[in-house]
1. Would you say K25 is open to solvent by 50 Å² or more (accessible area, probe 1.4 Å), modelled with pLDDT under 55 and in contact with a helix residue (DSSP H, G or I) (Cβ under 6 Å, 6 or more places away or on another chain)?
2. So for region 118-131 (the condition being touching a Pro at 6+ places or on another chain (Cβ under 9 Å), closer than 27 Å to T148 by Cβ and surrounded by 18 or more Cβ atoms within 10 Å (Cβ to Cβ)), does at least one residue qualify?
3. For the subset of region 69-82 comprising residues that are more than 19 Å from S141 (Cα to Cα) and free of Cβ contacts under 8 Å to residues at least 24 places away in the same chain, which member is least open to solvent (accessible area, probe 1.4 Å)?
4. When you check D102 against the structure, is it at pLDDT below 80 and either charged (D, E, K, R) or not in a helix (DSSP H, G or I) (or both), yes or no?
5. Checking Q91 against (1) crowded, with 17+ Cβ neighbours inside 10 Å; (2) within 21 Å of A73 (Cβ to Cβ); (3) not charged (D, E, K, R), which single condition isn't satisfied?
Amino acid sequence: MKNFLLVVKLALSFATKTKLHGQKKIWCFVFSFFVVPFAQSASFDQGEKNHKLTSYFPKENLALFIAQHLDLATFLHSMNPRRVKGQRTFQQLGLVPTTVSDDKVEFLTKDWTYVIEVLRRTDRNRDGIEDVEICFTDLASRREYGGTYAARSAWLITRYSNTSYVVAIAYTADQTGCADFEQNKN
């Protein structure tokens, strides 16, 4: 309600200061009284107690679930050039987790290390569907042979149904908890 009153006040102020007349002033009022409340009902305030968040993620073993269902075609990483059509998950690439905990999964091969760390559950894009912020580490393991690739980045991921892949979405994830390698060397 507080947001609605603020919008009405801004609309009235805008209409007055810009000396809108006639039909333009009417549209300004229509917008503030009908369009804005409708848009507010479609979204929610994260502090709102009545908001029901839909989740297609499990309550437990989240990191392993993400590793099993993450669509690797939805974000940038070192495996993209080697993937062929139909290879979308770690399993389809023949990779098996070597270390698993509640919030972290590691894939160690002789040449590469991939790590998925769960940072937090959220609804970052405010669509009512649970998102998860992860930190993805992509590291060339064989540095003695000249491997220099090292990337670490935060991704916002979501799942839109019980049968869909987990996908990276085009919203910036909070980098807190996913510092790059240079900051971690100290």
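1. Details: open to solvent by 50 Å² or more (accessible area, probe 1.4 Å): yes; modelled with pLDDT under 55: yes; in contact with a helix residue (DSSP H, G or I) (Cβ under 6 Å, 6 or more places away or on another chain): yes.
Spelling it out, K25 is indeed open to solvent by 50 Å² or more (accessible area, probe 1.4 Å), modelled with pLDDT under 55 and in contact with a helix residue (DSSP H, G or I) (Cβ under 6 Å, 6 or more places away or on another chain).
2. Initially, region 118-131 is screened for residues touching a Pro at 6+ places or on another chain (Cβ under 9 Å), giving none.
Checked against the condition, which is being touching a Pro at 6+ places or on another chain (Cβ under 9 Å), closer than 27 Å to T148 by Cβ and surrounded by 18 or more Cβ atoms within 10 Å (Cβ to Cβ), region 118-131 yields no hits at all.
3. Here is the first cut: in region 69-82, the ones more than 19 Å from S141 (Cα to Cα) are 69-75.
From the residues that got through so far, the ones that are free of Cβ contacts under 8 Å to residues at least 24 places away in the same chain too are 72-73.
Numbers: L72: 0, A73: 41 Å².
The extreme case among them is L72.
4. Numbers: at pLDDT below 80: no; either charged (D, E, K, R) or not in a helix (DSSP H, G or I) (or both): yes.
No; evaluated as a whole, the condition is false for this residue.
5. (1)
The values are calculated or read from the model by the stated rules, or taken from the named source; none is laboratory data. Just so we're clear, the structure is a prediction, and the values are computed from it rather than from any experiment. Positions of Cβ are generated from backbone atoms using ideal geometry, with glycine treated the same way; all protein chains shown enter the neighbour counts. SASA here: full protein model, heavy atoms, side chains in, ligands and nucleic acids out. Shrake-Rupley method; radii C 1.70, N 1.55, O 1.52, S 1.80 Å.
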